[in-house]
Structures are given as C-alpha cells and as structure tokens.
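Below is one structure, written out as structure tokens; the observations come after it.
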Amino acid sequence: MKDYALHDPLWLLALLLLPLLIWIRGRRGAPVLIVPFAAAWHRPSLIPTSRWPATLAMSGLVLLIIALARPQQVEDKREVKQQGYDLMLAIDLSGSMLAEDYERDGERINRLQAIKPVIQAFINRRTSDRIGLVVFAGRAYTLAPLTFDHDWLARQIARLKIGMNGFEDGTAIGDGLGVALTRLEQAGREEGNKRKGAFVVLLTDGANNRGLLTPDQATDIAKSRGVPVYTIGVGREGLVLMPAFDDNGNKVGYSRRLSDLDEGTLIRIANETNAKFFRAMDSDTIEKTFNAIDQAKKIEFQAKSYLLTTELFHWFAIPGGVLLFLGALFALPPQLPFRKKTVAAVYDRRDGARRAPLQEGAKP
C-alpha cells in the first residue's frame, strides 16, 4: 500500500506570502528585495511584452516551498499483525546426554544428536512463533531469548554440545524450567496473573540432582502463571552405552550405565500444568508434541512493521530551482549581451511581432 505525506508541512504556510508578493509587485515603484531581479520583472518597458519572468519565478518559488515541506511516498504504513505462540525450549545438556542408545542410518548416535531434529522441527515448522532457548546441566542459562529470527536461532542450536561453556555436570531440571518461565515474563501479554499464549517444552534424560529450584517448585510457578509445560523424556530405560574419552577428547571405548530418567516427575509437571508428556523414543514424538500445542489458543502479536519512505524532495526542488533561475535570467536588463542572446533564442521560435521588443537598446 502506497501513500503520500509531508514530513515538514508547516513550510506550506510560506505559500500564503506569495499573493502578498504579487500584490506588492503590482504597485509600480515599490522596491522589493525578496527575490533577486524582482524589480526588473515589472519594468514599464517589459510589461506589455512579457510576463514570463514573474510567472517562471513564482512557479519556481511554489515548487521550492513544496520541496522544503519534504513530500514523501510512504509504503506499507499499516501495522502488521500475526498469530502465534511464545515458546521456550529448555534443553538438557548434562553428561548423560552422551549415552548412545539411538541409531541413525545404522550408526549409534547420542541423545543430543537424537533430539536435535525435534528442536529443529520447532524452528522450521513454527514460522509465526517467537522461540527462545534455555540450556541446563548443573545450572541453567539462556542461550537465546524469544525471537522471530529463526535463522539466528538455528545457528545457536548448531552450537549445542555437551559440557559447553564449562557447565558443571548434573541435571538441574527445576532451574532450567525456572529460567524458561522467567524469559516468558513480558508486559502486555498477561491477563491478571496468567500469561497468554506462552508454553515451555522441556527435554531431559535424567532426574533432578542439582540447582536451587526443585521441579515441584518450578511446576508451582508455572501453574500460578498458567503456563503449560510440555515434557519430553529422552533416552531408553535400563542399561545404556556410555562412551569413554581420553584427555584429548577421543572416544576410547564404552561402559554401561543405568538410565536414570525420572519419568514420573516429567509426567507430573505436564499434568499439573495442563500439558502432556512424551517419550523421545517414539517415532511420532514431533507430531504428537505439535498436535498438543496446536490445541491451545493462539494469540495475536503486534509484529514490527517496516515503514518504507521515498523522499520526493528532488522532484520539486530541481525544477523549482530551474524555473527561478530562468525567471531571474529573463528579468535581467535587455542591454546585457548574454541576456539578449538567451532571450532571443527563446523568442526566435515565435512570430516576428514578438521579437520587436528585443531590439530595444540594441546597437544599430
């Protein structure tokens, strides 16, 4: 949608002075210094022959005043609105996520590698949602705040690795959920104490054994704010293969460790916040998670609108300056040689009667 506007419309008040200028110039003998050579426009010898200088100068002044008002072409002035959710993903990066109890293309992969397609699906398929990311192990921190910039968010997902940024090992589920809930606090998106259109998706493979908040305390906070917490349990039950590494980070073998997923806690978090629990070992985990979230009510966001403006100043300033210059040129005394040549070139296209006044003051 295109529209037109004036950035400085007060300059148009100067147009009110032009009738006054014309009236003053209509009175013979009144000296006016507003416009150069204005006195010559109404010389008695020129009035019968041409009013071009005054006409050109006044037209130029009108265009210059309009140019000073800065006319603009405005595109897409309407504010853009869209529907979607605020989603915070809370991802477990504890050492147990290295357990290789999944396969892809016949090769063993660890739990983090297995859940990355789930995370990527949230980014790729939920284009109208604002998505943020919290990661946790022995403590929790925000890797990405809520954002519509899913390309940037995908780059942050690609950085995910076990032990990143010197995390102390452990599983602080309560802290991870608590930080995610804090990131959902935003004025204008709440009704009473309830947060509208906001969700947390918690992915973990273990039981809470670190942190300041317990899972029950974090769940109570989510309940009080009306934020559903969808939980996804990662990993298989029983003994799982855990890789061993040397001091240089090279894999040197495997050991067997008992999986410690606290499925009961994850189910309780989901149930008490009116959400659902899923196991990442299910082939349709992604679809089930999306279907559950899509049952919630969407909210309307006031997305950032881009106001594109095109300056039209030069379309008025350039012809206005040219007309004003021509008006001043035609108002010069006819005795000046270059004035005679210039004006004669213009009048040469007209009939011979019009050229007669140009001979005034010329040498015989």
Determine the alpha carbon to alpha carbon distance for each of K196/K276; K251/K276; K161/K196 and list only those over 30 Å.
K251/K276; K161/K196
The distance between the Cα centres of the range 99-134 and the range 206-281, in whole Å, is 15 Å
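So if each residue of separation counts as 0.36 nm, and I subtract the Cα-Cα distance between L212 and E185, what length gain in nm does that give?
Length gained between L212 and E185: 7.8 nm.
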Ordering 319-326, 204-211, 127-134, 147-154 by per-residue average of other C-beta atoms within 10 angstrom, highest first, gives 204-211, 127-134, 319-326, 147-154
Please list 3J(HN,Hα) in residue order for the range 218-227, calculated via the Karplus relation 6.51 cos²θ - 1.76 cosθ + 1.60 where θ = phi - 60°; whole Hz, with x for glycine and proline.
5, 5, 4, 5, 4, 4, 5, 9, x, 9
Residues of the range 194-293: accessible area per residue with a 1.4 Å probe, Å²
49 Å²
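The values are calculated or read from the model by the stated rules, or taken from the named source; none is laboratory data. None of the values given here were measured: they were computed from a predicted structure. Note that each Cβ is placed from the backbone with ideal geometry, even for glycine, and that neighbours are counted across all protein chains shown. To get the accessible areas, we keep the full protein, side chains included, count just its heavy atoms, and leave off ligands, DNA and RNA. Shrake-Rupley method; radii C 1.70, N 1.55, O 1.52, S 1.80 Å.
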